[in-house]
1. Inside region 768-794, can you point out the residues that are out of contact with any Ser or Thr (no Cβ under 7 Å at 6 or more places or on another chain) and open to solvent by 70 Å² or more (accessible area, probe 1.4 Å)?
2. Residue check: is Ser710 out of contact with any helix residue (DSSP H, G or I) (no Cβ under 8 Å at 6 or more places or on another chain), open to solvent by 10 Å² or more (accessible area, probe 1.4 Å) and either at pLDDT 95 or above or of a type in the set (Lys, Arg) (or both)?
3. Give just the number: which of (1) surrounded by fewer than 22 Cβ atoms within 10 Å (Cβ to Cβ); (2) touching a residue at least 40 places away in the same chain (Cβ under 8 Å); (3) in contact with an Asp or Glu (Cβ under 8 Å, 6 or more places away or on another chain); (4) hydrophobic (A, V, I, L, M, F, W, C) does Val570 not satisfy?
4. Could you please let me know if Asp407 is acidic (Asp, Glu), more than 30 Å from Arg79 (Cα to Cα) and at pLDDT below 95?
5. Within region 527-535, can one find any residue that is more than 20 Å from Leu166 (Cβ to Cβ), open to solvent by less than 10 Å² (accessible area, probe 1.4 Å), touching a strand residue (DSSP E or B) at 6+ places or on another chain (Cβ under 7 Å) and β-branched (Val, Ile, Thr)?
6. Can you confirm whether Ala637 is open to solvent by less than 20 Å² (accessible area, probe 1.4 Å) and hydrophobic (A, V, I, L, M, F, W, C)?
7. Which residues, taken from region 332-387, are in contact with a helix residue (DSSP H, G or I) (Cβ under 8 Å, 6 or more places away or on another chain), in contact (Cβ under 8 Å) with a residue 60 or more places away in the chain and part of a strand (DSSP E or B)?
8. Working carefully through the options Pro466, Pro475, Pro460, find the one that is in contact (Cβ under 8 Å) with a residue 40 or more places away in the chain, of a type outside the set (D, E, K, R), loosely packed, with under 14 Cβ neighbours inside 10 Å and closer than 30 Å to Asp719 by Cα.
Amino acid sequence: MTSALLRRSLDVIASTVVVCLFMVWGQVTAQDTAATGSLSGVATTSDGTPASGVVLCLQTTNRCATTDDIGRFAIPDVRAGEFSLEVTAPGLPPYPAATVQIRAGLDATIEVTLPLVEGVRQEVTVTPSAFAVPAEVKTSGFLVQRSEILQSASALQDVSRYLQTLPGVAIGSDDFRNDIIVRGGSPLENLFVVDNVEIPNINSFATFASAGGTVSVLDAELIQNATFLTGGFPAPYGNRTSSVLQVSQREGSRQGFEARATVGFAGAGAILEGPVNNGKGSWVASVRRSFLDVFTRDAGFGGVPVLYTLNGKVVYDLTPRDRVWAVNLGGVDNIRLGPTEGDTRTDEVFNFDIRYTGWRNGTGVNWQHLFSRGVGLLGVSHSEAHIDEQVKDLVRNGVPGAGTPVDTIIAASPVVFRENSREAETTIKYDLTTPVPVLGRLQVGGSVKRLGVNYDTASPFGNDSPYSAVPGLDPFSLKTKVASYQSGAYAQATQDLGRRVSLTWGGRFDNYQYIDESRFSPRAGVNVKLTDRLSWKGATGIYYEQPFFLFLAAFPENRQLLPFRADHFVTGISYEASPTARLTVEAYRKNYRDYPVATEIPSLSLASIGDTFNIRDILFPLTAAGRGRADGLELSAEKKFSDTWYGQANIAFSRSTQAGLDGVQRPGSFDYPVVLNVSGGYKVNARWSLSTRMSYLAGRPYTPFDLEESAAQRRGVYDLTQVNAVRLPDYFRFDVRVDRRFIVGGRSLLVFAGAQNITNRLNVAGYTWNRGTNRVDVNEQLGIFPVAGLEWRF
């Protein structure tokens, strides 16, 4: 080959290699147990013939692959970042072709086309696509991008609220909370992981007996992407039975110092970031404070929530093979609920004086090492939370006389619940991913977690449960310090059985020291490509979860509880109509057993609670005798952003039943027979964009009051012949938001405004017996709720 022809060939490769990058945006994700991603795909000539023997390398790494006889290649275990893709065709020197982005925990697929010399096109295109087949996660997975959370009309820049728009996910009992209900399961069944650090609860104004709150302490501006698994998830994830939310935070800028100011639902704040040691690393930090208390002392419930949050991440590359990073997220919050002087409101909440202060923090350090074949990830983390709460019952001794000063009423009222408690977790874990002959991609790992609790809590008058005609059940005073351990290990293999079948199988073993129990959980999943666009998939597994520690410690008999179990069966088909559009159908079943149920209230299961701030009413003696079942069918259509618009529509039909100690299967409290979501956005031009969301939920079940008995006792007492036998009115909400971008002083300024529940529909959250008026009150959800905010880069 002459030098002129060689140069001509290199120019052809440089200017005409067409790289179509397929990044995972929607239902397909790979688990992030190594904090690496992967790159795979196929190389062909311009006429579609497979190109064998083509070498593809990612610059600045030692990661390369050579295409096989049918043009396929795979580069596993690639550190997150942007890389120049170098292509070497047979007989030619290497030449850079395009830039590809690798993200931790995600699989990316590219198509490389090597045109003929005479077919020169003077451009290189990198076209993003929505979907790619993952290696380990076969079913029920979603990838959420930062932009989707920030631009959503309904999310309030909160990742948990955004998840409520996905198939099979519903809100809890109240718009004020951000609980996520996954396929009929309790909010207590969801796992949160941030940059390889397990966080018990990522939300503010949370309790030790819940997994939700009002708003996330995570700043969505720092999120790179979030992986959400709603069923049949693989072996690395333990001690949860419904879902896994895995968040990857972005790196800070390695080029120079940057700053921006933000204003949103969670408050006003600033984000600062910059390089470390000339770009060998980076740092980023976000600090926010709520600001409603600046304008009012009463937000409608006798007080104003005050919230501070701090998020940060530092990344440093020790060597080309070694990377370390540290993350921190935390929040401090306080609130007061109850009457104020001159207040004429009579809602049940004003029959209490509630003072709450809490803080929570999670910190972790990770070391990632790239082996010649494989990757190891060592993580050490510590999370801690403290709650100081006091509840006074202002009508326990009778309804105060008119005109009595509020301070006098509060001073004379008894404390019915108090808590000054702390929970802490320290974890060390290691994960190894490596190719192994016959088994394919092998993943093994283990963890040891130390749980330390210091409870000082009391309910001196007991629990006035509406499920009991006898008031004052089980008064208690708990003052104890406990340290215990949980350990777990897993092994999992992913292998291709031919060109169209991918199989993942494995299991995990967990030991729960405090309750002296051990469990083995086998899991498996398969993905079959029926055609290039149509796939069938299935997954099954056994999942265990130890009840939250507060439930175990509250009463001595509760220590005899078992890890409750959920068996998952998931199957479905997926049709990719185009790189950015897909249709999916999935069916599932979850079978529960050994669920904690009340020993003194035969109809009550812990599976039907968990989305409440009222801890006093959900602590009682328990036994592991509950059973339940959840079945559903989900249909979804997704169109990811390209050019001007994006959107998704999904509908889920489901049934969830739970049985208490009496063994009677009843609709669970989170049984929504139909959930419909339609959301999307439209980019009008470079300055204006619009987003909307419509949601509909068929009425959730509730238990009506026994009106005669409730009036006689002046407190709510349920009609136990109708436990969850009646349904609330259907829920409907329509949200809208408008974004406008400006350039101010050469800097970008984004301003947005909109409203949630723009039709001002009075959705019903439930019913409460008002002891002050001795009648039933309707608890209404949020009416029309204005939203506004800004982001200014400076």
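The values are calculated or read from the model by the stated rules, or taken from the named source; none is laboratory data. On a predicted model such as this, the values are computed, not experimentally measured, just so you know. Note that we place each Cβ from the backbone using ideal geometry, even for glycine, and neighbour counts take in every protein chain shown. These area figures cover heavy atoms from the full protein model, side chains too; ligands, DNA and RNA do not enter into them. Shrake-Rupley method; radii C 1.70, N 1.55, O 1.52, S 1.80 Å.
1. Matches in region 768-794: Arg775, Val778, Glu780, Ile784, Pro786, Trp792, Phe794.
2. Judged against the criteria, Ser710 is not a match.
3. Here Val570 clears every test but (1).
4. Yes.
5. Within region 527-535 (the criterion being more than 20 Å from Leu166 (Cβ to Cβ), open to solvent by less than 10 Å² (accessible area, probe 1.4 Å), touching a strand residue (DSSP E or B) at 6+ places or on another chain (Cβ under 7 Å) and β-branched (Val, Ile, Thr)), the answer is no, since none of the residues qualifies.
6. It is false that Ala637 is open to solvent by less than 20 Å² (accessible area, probe 1.4 Å) and hydrophobic (A, V, I, L, M, F, W, C).
7. Asp353 - this is the single residue of region 332-387 that is in contact with a helix residue (DSSP H, G or I) (Cβ under 8 Å, 6 or more places away or on another chain), in contact (Cβ under 8 Å) with a residue 60 or more places away in the chain and part of a strand (DSSP E or B).
8. Step by step, each of Pro466, Pro475, Pro460 is checked, and only Pro460 is in contact (Cβ under 8 Å) with a residue 40 or more places away in the chain, of a type outside the set (D, E, K, R), loosely packed, with under 14 Cβ neighbours inside 10 Å and closer than 30 Å to Asp719 by Cα.
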